Amino acid sequence: QSLAGTRITSLLDANSFVEIGQGVTARSTDFNMTANKAPSDGVITGYGVIDDKLVYVYSQDASVLNGTVGEMHAKKITRLYDLAMKTGAPVIGLVDCAGIRLQEATDALEAFGQIYLKQTLASGVIPQITAVFGTCGGGMAVVPALTDFTFMEAKNAKLFVNSPNALEGNKTENTANAAFQSSEAGMVDVVAQEDELLESIRTLVSILPANNEDDMSYSECTDDLNRACTDLEASAADPALSLPMISDDNFFFEVKKDYAKDMVTGFIRLNGNTIGAIANRTALYDEEGKEAETFDG
């Protein structure tokens with residue numbers, strides 16, 4: 001199994017993945033493209049379940065033409081969006097892509113535009129999640145920007161529109177890496193190692209509604225609603241510490257943790273319901289419990 005397929009099976013519940021369009025290959029014959037084998041045209045698409053919730057997934061295969069986006073590659077993704085919109089289920093994109101397939105020229109470009117169109121039509125209707133595992137450059141970088149949540153692998157992932165070293169004086173700092181994109185650009189919600197990253201996506205899907213009409217963002221509450229939060233006042237300066245205290249079973253899913261640290265945003269659960277949390281922070285504590293940074297509040 002390819003790395004792209006392994007990521008899908010690691011993300012979804014066991015034995016739940018159903019592949020769509022496995023027999024699709026590249027259509028272009030220009031530049032001797034017929035000599036290049038392109039199984040599934042470099043992207044695996046299909047559906048499965050996460051905690052028994054239906055999700056649609058596409059995963060780009062870097063071993064096929066470097067995972068480049070060609071005409072049929074893009075069409076497989078747009079068809080997936082059509083199905084997700086019909087059934088009202090989230091779309092998860094696992095990105096490992098060398099950008100547009102130049103040999104397919106305007107066909108690939110037009111298909112790329114169709115992906116953007118589907119994303120904008122789906123915005124606010126179904127949850128959209130993108131996870132960047134390898135390269136996500138050029139036109140492909142617009143895809144995570146249009147989705148609701150962006151995850152990025154800590155070590156190998158690169159996210160850029162223009163290659164960082166193409167800009168004069170930009171040799172020293174790599175603006176494509178996860179550290180920059182999460183702390184400076186604010187594009188990335190969660191940075192983690194691959195296994196942890198996939199687990200975080202599963203957690204996020206489990207608390208989100210399936211779509212804008214069918215609210216599945218609640219579950220049975222197993223916590224004691226009358227329990228006391230004894231250390232609440234002591235941790236009032238840092239909501240990242242106090243929010244889990246008031247949440248069911250101390251659950252807290254923080255987004256954009258490294259960006260604008262004077263604000264804390266994320267999701268908690270109250271009586272089984274998913275609640276969005278926005279809180280201003282006046283102090284950030286290190287692992288030893290000492291003040292690392294202070295903010296004016």
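The values are calculated or read from the model by the stated rules, or taken from the named source; none is laboratory data. Just so we're clear, the structure is a prediction, and the values are computed from it rather than from any experiment. Methodologically, a virtual Cβ is constructed for each residue, glycine included, from the backbone with ideal geometry; neighbour enumeration extends over all protein chains shown. Just the protein is used for accessible areas: all its heavy atoms, side chains included, with ligands, DNA and RNA removed. Shrake-Rupley method; radii C 1.70, N 1.55, O 1.52, S 1.80 Å.
Every listed requirement among (1) closer than 25 Å to residue 287 by Cβ; (2) in contact (Cβ under 8 Å) with a residue 40 or more places away in the chain; (3) surrounded by fewer than 18 Cβ atoms within 10 Å (Cβ to Cβ); (4) of a type outside the set (D, E, K, R) is met by residue 241 save one, (3). For region 40-52, indicate whether the set of residues that are among the small types (Gly, Ala, Ser), part of a loop (DSSP other than H, G, I, E, B) and either modelled with pLDDT under 75 or buried (at least 17 other Cβ atoms within 10 Å of the Cβ) (or both) is non-empty. No. Just one of (1) over 29 Å from residue 11 (Cβ atoms); (2) at pLDDT 90 or above fails for residue 190. It is (1). Kindly check whether there is at least one residue in region 220-233 that is over 20 Å from residue 265 (Cα atoms), surrounded by 12 or more Cβ atoms within 10 Å (Cβ to Cβ), touching a Lys or Arg at 6+ places or on another chain (Cβ under 9 Å) and not polar (S, T, N, Q). Yes. Here 289, 276, 297 are screened, and the one residue that is open to solvent by less than 80 Å² (accessible area, probe 1.4 Å), under 28 Å from the mean Cα position of the chain (by Cα) and free of Cβ contacts under 8 Å to residues at least 60 places away in the same chain is 276. Of everything in region 251-268 that is touching a Ser or Thr at 6+ places or on another chain (Cβ under 8 Å) and open to solvent by less than 30 Å² (accessible area, probe 1.4 Å), the residue that is farthest from residue 180 (Cα to Cα) is 268. Looking at 248, 262, 223, just one residue is touching a Cys at 6+ places or on another chain (Cβ under 7 Å) and modelled with pLDDT of 90 or more, and that residue is 248.
To keep it simple, each residue is scored yes or no on (1) β-branched (Val, Ile, Thr); (2) crowded, with 21+ Cβ neighbours inside 10 Å; (3) modelled with pLDDT of 95 or more.
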| position | (1), (2), (3) |
| --- | --- |
| 84 | no, yes, yes |
| 88 | no, no, yes |
| 93 | no, yes, yes |
| 115 | yes, yes, no |
| 120 | yes, no, yes |
| 135 | yes, yes, no |
| 143 | yes, yes, no |
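One residue is enough: does region 153-168 have a residue meeting the conditions of a type in the set (A, V, I, L, M, F, W, C) and open to solvent by less than 30 Å² (accessible area, probe 1.4 Å)? Looking through region 153-168, at least one residue is of a type in the set (A, V, I, L, M, F, W, C) and open to solvent by less than 30 Å² (accessible area, probe 1.4 Å). Confirm whether residue 78 is open to solvent by less than 70 Å² (accessible area, probe 1.4 Å), outside any helix (DSSP H, G or I), modelled with pLDDT of 80 or more and in contact with a Lys or Arg (Cβ under 8 Å, 6 or more places away or on another chain). Here the answer is no, as residue 78 does not meet what is asked.
Being aliphatic (A, V, I, L, M) and either modelled with pLDDT under 85 or not in a loop (DSSP other than H, G, I, E, B) (or both) is the requirement here; does residue 26 meet it? Criteria met by residue 26.
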